[in-house]
Structures are given as C-alpha cells and as structure tokens.
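Read the structure below first, then the notes.
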Amino acid sequence: MASVTRLQDKHAILTGAGGGIGLAVAAAYLNEGARCTVADLSPEPSAEIRLLMSRYPATLIYVATDVTQSASVAQMVERASQAFGPVDVLFNNAAVFDMAPLLESDEAMYQRLFDVNVKGMFFTMQKVLAQMVSQGTRGTVINMASQAGRRGEALVSHYCATKAAVISYTQSAALAMAPSGIRVNAIAPGVVDTPMWGHVDALFARYEGLKPGEKKVAVGHAVPLGRMGHPDEIAGAAIFLASTESAYITAQTLNVDGGNVMS
Ligand SMILES: NC(=O)c1ccc[n+]([C@@H]2O[C@H](COP(=O)([O-])OP(=O)(O)OC[C@H]3O[C@@H](n4cnc5c(N)ncnc54)[C@H](O)[C@@H]3O)[C@@H](O)[C@H]2O)c1
C-alpha cells in the first residue's frame with residue numbers, strides 16, 4: 001500500500017532550523033513529502049542539517065539567513081522560491097532567549113530579544129505572506145510562541161513580552177489574511193529539551209543560586225505529564241497546522257506543553 005504523506009509537494013521555509021525544534025520539524029516535514037528551505041544564522045549548514053541533506057538531496061536546501069536583516073530574509077525567500085517554487089508553509093521559529101532580574105535588564109537585552117523574536121518573526125512572516133498573496137497561494141504560517149507569552153515571569157520579562165507579541169501578531173495576521181485563504185497560527189511549547197535550554201538552565205543557575213542542571217530537572221517535574229518535551233513532540237502539531245487537516249483553524253495558539261497551560 002502506498003504510504004500517505006500529509007505535506008506532499010508542499011514547499012516549507014523553516015527559520016532557526018539548524019538545531020532544536022526547527023531541525024526536528026524540518027526532518028518531520030521532509031518525511032511527510034515536503035520540500036524544505038532551512039534557514040539559520042551559521043554560514044554553513046550544521047552537521048545535523050548536512051546529514052538530512054544526504055538523505056533528502058533533492059528536497060532540502062540550506063540558506064544562511066539573519067532574520068533581523070530584511071535584506072537577508074528577502075534573499076532567503078528568493079533563493080527558496082528559485083529552488084522549490086512558491087512557498088506554501090512558513091515555520092517561523094528563529095528566536096533567542098535571555099533573562100535578568102527586572103531592575104538589571106538593560107536596553108541591549110531588550111533590543112536583541114525584540115530584534116530577533118518580534119521584528120525578525122514579523123518581517124519574515126510579512127515577506128512570505130506578500131508572496132503568498134501575490135501568487136494566490138492558500139498557504140499557512142506557523143509562528144513559534146511559548147508558554148512564556150501567556151504569563152509574565154519575574155526574571156524573564158523581555159522574553160515573555162516577545163512571545164506575547166508573537167501571539168498577538170499571529171491573531172492580527174490571521175484576520176488580515178483570512179480573505180486570501182491563508183491561515184496563520186502559533187504553537188506555544190512549554191519546556192522542550194533543546195540547545196536553548198542549556199543556556200536557560202545556566203541563567204537560572206546564576207540568578208536562583210542553583211546547581212547546573214537543577215532547573216531543568218525541576219521544570220520537568222513540574223509539568224503535569226512529568227517531564228520536559230522532546231523536539232519531535234512539537235513536530236506533530238507543526239505538521240497538523242501545516243496540513244489540510246487543520247483547514248478550518250486560524251488565529252489560534254496551540255499549547256504543546258504536557259499540560260502546563262490550560263486555555
Ligand atoms: N526549548 C523550549 O523549551 C522552548 C519553549 C517555548 C518556546 N520555544 C521556542 O521554540 C523555538 C525554537 O526553540 P529551540 O528551543 O529549538 O531553540 P534553539 O536555540 O535550539 O534554536 C533556535 C535557532 O534560532 C537560530 N537563530 C537565532 N537568532 C537567529 C537569527 N537572527 N536569524 C536566524 N536564526 C537565528 C539559532 O541559531 C538556533 O538554531 C523558539 O522560537 C523558542 O523561543 C522553545
């Protein structure tokens with residue numbers, strides 16, 4: 001029996017997909033038959049992406065991209081379209097994390113977090129949506145939010161605010177694009193064991209006086225399902241929101257967090 005692939009012949013752009021959740025979603029999209037353009041900061045693809053390229057030589061390209069630079073994003077979308085045609089799916093995932101006690105957080109931290117997580121997210125989305133509208137593609141966008149966008153945290157004010165902005169832009173873009181048949185949704189993960197969490201754990205250790213690794217164990221235990229998520233566990237929701245299985249869903253932020261947030 002022929003296997004059924006849910007993203008057959010779709011072209012997906014995935015930002016910040018050199019590792020972590022983006023990499024896991026890229027692998028899942030390729031497995032579902034999509035052609036993928038993976039974008040990340042490093043000039044050359046990561047070892048994990050190179051491995052994927054050897055498995056999917058005809059359906060995966062890597063484009064070095066800095067989402068904070070509009071010209072870099074424009075170039076990436078151009079390269080992607082030349083390689084695989086119009087973009088059907090944007091997995092808008094690139095982000096950075098930082099934190100500090102409120103009275104110590106400075107403008108540089110604010111600027112960096114908002115540049116990548118909000119400005120980069122918005123203008124990448126805008127660029128892809130403009131192409132979808134002009135080419136009549138009834139595509140989908142999935143923005144990466146976070147449980148941090150649902151509720152403030154004393155030590156994490158700027159990151160939380162950037163992720164609340166992602167949820168808000170998702171809603172506005174969904175309404176703006178609905179007449180064109182384009183859907184815009186977000187995913188709000190809880191705590192997922194990725195390279196980002198190495199950095200998060202070290203920062204919590206510094207500010208809460210914990211031993212390295214202690215915060216990771218604690219946040220895992222606090223999840224109703226009793227553990228951190230694995231990047232592959234975000235991929236199911238990312239496939240669902242990219243596919244026609246979610247054809248009547250737009251403007252939503254889907255919690256994928258083991259039960260941390262109820263909404
Ligand atoms: N890991 C978690 O627990 C968690 C929880 C909630 C939300 N998220 C969100 O999920 C997404 C993926 O997170 P992750 O844990 O895989 O993080 P990660 O740090 O492993 O991956 C993020 C990627 O974004 C890239 N990136 C950073 N700045 C960039 C820029 N200017 N241009 C292009 N790429 C850039 C990085 O190089 C990196 O590969 C992020 O949006 C993050 O905020 C993660």
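The table that follows gives values for the structure above.
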{"read-out": "Given (1) touching a strand residue (DSSP E or B) at 6+ places or on another chain (Cβ under 7 Å); (2) closer than 19 Å to Asp257 by Cα, index of the condition Ala148 fails", "value": "(1)"}
{"read-out": "Residue pairs meeting the criteria (Cβ under 9 Å; at least 6 apart or on separate chains; first among the charged types (D, E, K, R), in segment 74-97; second in a helix (DSSP H, G or I) and open to solvent by less than 20 Å² (accessible area, probe 1.4 Å))", "value": "Asp88/Met132; Asp88/Ala242"}
{"read-out": "Hey, Tyr169 within 12 Å of the ligand (Cβ to nearest atom) and under 24 Å from Met262 (Cβ atoms) or not", "value": "no"}
{"read-out": "Residues of segment 87-126 satisfying the condition of being out of contact with any Gly (no Cβ under 7 Å at 6 or more places or on another chain), among the acidic types (Asp, Glu) and away from the ligand (no atom under 13 Å from the Cβ)", "value": "Glu104, Asp106, Glu107"}
{"read-out": "Members of segment 38-86 that are among the β-branched types (Val, Ile, Thr), within 25 Å of Thr5 (Cβ to Cβ) and within 13 Å of the ligand (Cβ to nearest atom)", "value": "Val38, Ile49, Val63"}
{"read-out": "Every residue from segment 105-141 that is open to solvent by 50 Å² or more (accessible area, probe 1.4 Å), of a type outside the set (D, E, K, R) and either assigned to a helix (DSSP H, G or I) or at pLDDT below 95 (or both)", "value": "Ala108, Tyr110, Gln111, Phe122, Phe123, Gln126, Ala130, Val133, Ser134, Gln135"}
{"read-out": "Residue under evaluation Gly198, criteria (1) within 16 Å of the ligand (Cβ to nearest atom); (2) buried (at least 20 other Cβ atoms within 10 Å of the Cβ); (3) not acidic (Asp, Glu), criterion not met", "value": "(2)"}
{"read-out": "Residue list for segment 104-161, filter: touching an Asp or Glu at 6+ places or on another chain (Cβ under 9 Å) and closer than 19 Å to Gly85 by Cβ", "value": "Met132, Thr137, Arg138, Gly139, Thr140"}
{"read-out": "Boolean, Ala176 is within 19 Å of Met121 (Cα to Cα), in the same structural domain as Ile21 (by TED's automatic domain parsing), in contact with a strand residue (DSSP E or B) (Cβ under 7 Å, 6 or more places away or on another chain) and not charged (D, E, K, R)", "value": "no"}
{"read-out": "Test: Gly226 is open to solvent by 20 Å² or more (accessible area, probe 1.4 Å), on the phi > 0 side of the Ramachandran plot and in contact (Cβ under 8 Å) with a residue 40 or more places away in the chain", "value": "no"}
{"read-out": "Only listed residue being more than 22 Å from Ala95 (Cα to Cα) and of a type in the set (Lys, Arg), chosen from Arg55, Arg50", "value": "Arg55"}
{"read-out": "Odd one out for Thr5 among (1) open to solvent by 10 Å² or more (accessible area, probe 1.4 Å); (2) at pLDDT 95 or above; (3) under 23 Å from His230 (Cβ atoms)", "value": "(2)"}
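Conditions (1) of a type outside the set (S, T, N, Q); (2) within 16 Å of the ligand (Cβ to nearest atom); (3) under 16 Å from Leu23 (Cβ atoms), marked per residue:
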position: Pro179; (1), (2), (3): yes, no, no
position: Ile187; (1), (2), (3): yes, yes, yes
position: Gly209; (1), (2), (3): yes, no, no
position: Val219; (1), (2), (3): yes, yes, no
position: Glu233; (1), (2), (3): yes, yes, yes
position: Ala247; (1), (2), (3): yes, no, no
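The values are calculated or read from the model by the stated rules, or taken from the named source; none is laboratory data. Predicted, not measured: the structure shown is a model, and the values here were computed from it. With ideal geometry, Cβ positions are generated from the backbone for all residues, glycine too; neighbour counts draw on all protein chains shown. These accessible areas exclude ligands, DNA and RNA; they are computed on the full protein's heavy atoms, side chains included. Shrake-Rupley method; radii C 1.70, N 1.55, O 1.52, S 1.80 Å.
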